[in-house]
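The values are calculated or read from the model by the stated rules, or taken from the named source; none is laboratory data. Model, not experiment: these values are computed from the prediction. Using ideal geometry, Cβ is built from the backbone for each residue, glycine included, and neighbour counts are taken over all protein chains shown. To get the accessible areas, we keep the full protein, side chains included, count just its heavy atoms, and leave off ligands, DNA and RNA. Shrake-Rupley method; radii C 1.70, N 1.55, O 1.52, S 1.80 Å.
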Amino acid sequence: MLPAALAGDGGRGWVGKIVPPYPDGVVETAGSCIGDPAAAPAALCDHAIAVLHDPQSGLRTILALTQAPHFGKQPLWRIADALEPGELDDRGVEVATATCRLRGRDDAALVALVRPTERAWWAPLRAWRFDIAAGQLQPVAAADVRCRNEGFGYDG
């Protein structure tokens, strides 16, 4: 169950926290690293997007993460920004990460709300781009974004 400080605040209560662990019961359901494979391999996953779900409340949250300096092998993240878009109350809406393009170019920093269909590309309902320098998820025009349906054409 989400602590009272995180419940119903549109995601603002997450900002600045270090994770994992997440609050009891909250699970990470999706995530992807943001990085440039041409850059130093150690920097490949300095930033990430994560999607959380609290089964008790049904709340789904999108996090923009920056790797926190730490010891040990498990990565720790500082939450730079968080969103709890109302569209995620609809169980038919999913979050697409690491599969979207902005104006025809792959962009791992994009995160979009999509309604999955049997098409190769999905048109997002809404989209954001993690502006790493600003530490914020910035809205982008959904019309400029499309997301790959990675399972399209797979017949089992």
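Table for the structure above
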{"read-out": "Total residues in segment 62-96, condition part of a loop (DSSP other than H, G, I, E, B) and basic (Lys, Arg)", "value": "2"}
{"read-out": "Filter result for Ala98 (of a type in the set (A, V, I, L, M, F, W, C), open to solvent by 80 Å² or more (accessible area, probe 1.4 Å) and at pLDDT below 95)", "value": "no"}
{"read-out": "Members of segment 4-57 that are outside any loop (DSSP other than H, G, I, E, B) and either at pLDDT below 90 or in contact with a helix residue (DSSP H, G or I) (Cβ under 7 Å, 6 or more places away or on another chain) (or both)", "value": "Pro41, Ala42, Ala43"}
{"read-out": "Residue pairs meeting the criteria (Cβ under 8 Å; at least 6 apart or on separate chains; first farther than 18 Å from Leu52 by Cα, in segment 87-113; second open to solvent by 50 Å² or more (accessible area, probe 1.4 Å) and part of a helix (DSSP H, G or I))", "value": "Leu102/Asp144; Arg103/Asp144"}
{"read-out": "Selection count, segment 10-29, where residues are loosely packed, with under 13 Cβ neighbours inside 10 Å and in contact (Cβ under 8 Å) with a residue 60 or more places away in the chain", "value": "3"}
{"read-out": "Boolean, Arg103 is in contact with a helix residue (DSSP H, G or I) (Cβ under 6 Å, 6 or more places away or on another chain), exposed (fewer than 14 other Cβ atoms within 10 Å of the Cβ) and not β-branched (Val, Ile, Thr)", "value": "yes"}
{"read-out": "Count of residues meeting criterion [charged (D, E, K, R), open to solvent by less than 60 Å² (accessible area, probe 1.4 Å) and not in a strand (DSSP E or B)] in segment 112-150", "value": "1"}
{"read-out": "Residue pairs meeting the criteria (Cβ under 8 Å; at least 6 apart or on separate chains; first more than 20 Å from Glu84 (Cβ to Cβ), in segment 123-150; second hydroxyl-bearing (Ser, Thr, Tyr) and in a strand (DSSP E or B))", "value": "Ile132/Thr66"}
